[in-house]
1. Per residue, what volume in Å³ does the Cα convex hull of chain B take up?
2. For the protein assembly as shown, place one equal point scatterer on every Cα, skip the solvent, and apply the Debye formula. What is log10 of I(q)/I(0) at q = 0.10, 0.15, 0.18 Å⁻¹?
3. Report the Stokes-Einstein translational diffusion coefficient (µm² s⁻¹, integer) for region B:57-112, Rh taken as the Kirkwood radius over Cα pairs, at 10 °C with viscosity 1.306 mPa s.
4. Taking A:Lys11 as the anchor, which aspartates and glutamates have their alpha carbon closer than 19 Å to its alpha carbon, excluding any fewer than eight residues away along the same chain?
5. Relative contact order of chain B, please, whole-number percent, based on alpha carbon pairs below 8 angstrom and at least 6 residues apart.
6. Quick one: give the max-minus-min coordinate of the C-alpha atoms of chain A along each principal axis, largest first, in Å.
7. Lysine pairs in chain B with Cα distance under 17 Å, only those 8 or more apart or on different chains: how many are there?
8. Non-local amide H neighbours of B:Gly105 (under 5 Å, H modeled in plane, Pro and chain starts lacking H): which ones?
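Every number here is computed from the coordinates shown, using simple stated rules; none is lab data. The shown structure was predicted, so the numbers you read here are calculated from the model rather than taken from an experiment.
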Amino acid sequence: GAGVSQSPSNKVTEKGKDVELRCDPISGHTALYWYRQRLGQGLEFLIYFQGNSAPDKSGLPSDRFSAERTGESVSTLTIQRTQQEDSAVYLCASSLRLRGVGSEAFFGQGTRLTVV
Amino acid sequence: KQEVTQIPAALSVPEGENLVLNCSFTDSAIYNLQWFRQDPGKGLTSLLLIQSSQREQTSGRLNASLDKSSGRSTLYIAASQPGDSATYLCAVRGGANSKLTFGKGITLSVRP
């Protein structure tokens, strides 16, 4: 596709339910990132994929959070047993790593998650 | 641990003014630095990417500079317009296989 696509754009869920957030990166982009942005706050790193592996998942806040990537393409962020503190916008970005050069990261429009 | 600081948190200027947004980072061993714009309720739009070997990049009315040794970058906006009102974030990448570390952003308001 032309850009990074995230779905759904909005999700309201009840506390305790599980949710899945999807990210479709730009075709051919090998690197994929997930960030979280709480209302009025900065971007909080969650996890980084290079291909299908995650060399850095240091930002996942708890074991309720997990992510996977398949086919060096789509990624899914899963939050189990959601809590109200999980309410935030979840942003995905992708970039193409050129040999010796770090390339631009492009972001999707985000998924706004509200836990009620 | 890399830390990125953007001060001030908010800035209000009259239309037409040239302005400079500052970004500082604690670890000068960066791979590249990227400036983004975020409009309310939206995702991030990439503005400029500066590789560690570069000193500046330009796009239209925007010019970004990088001084790795002092841990600083500036985004210069010429002849500001109300449409430039947004939050501007800078982010640094520590290595080829690493995350972007973001500052908290500067919310710019350009008054007509």
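1. Value for chain B: 94 Å³ per residue.
2. Rounded to two decimals, the profile gives -0.45, -1.00, -1.34.
3. Numbers: Rh = 13.0 Å.
Roughly 122 µm²/s, to the nearest whole number.
4. A:Glu20, A:Asp24, A:Glu85, A:Asp86
5. Reported relative contact order: 37 percent.
6. 45, 26, 26
7. On the way: B:Lys1/B:Lys68; B:Lys1/B:Lys99; B:Lys1/B:Lys104; B:Lys42/B:Lys104.
The number of close lysine pairs in chain B is 4.
8. B:Gln6, B:Cys90
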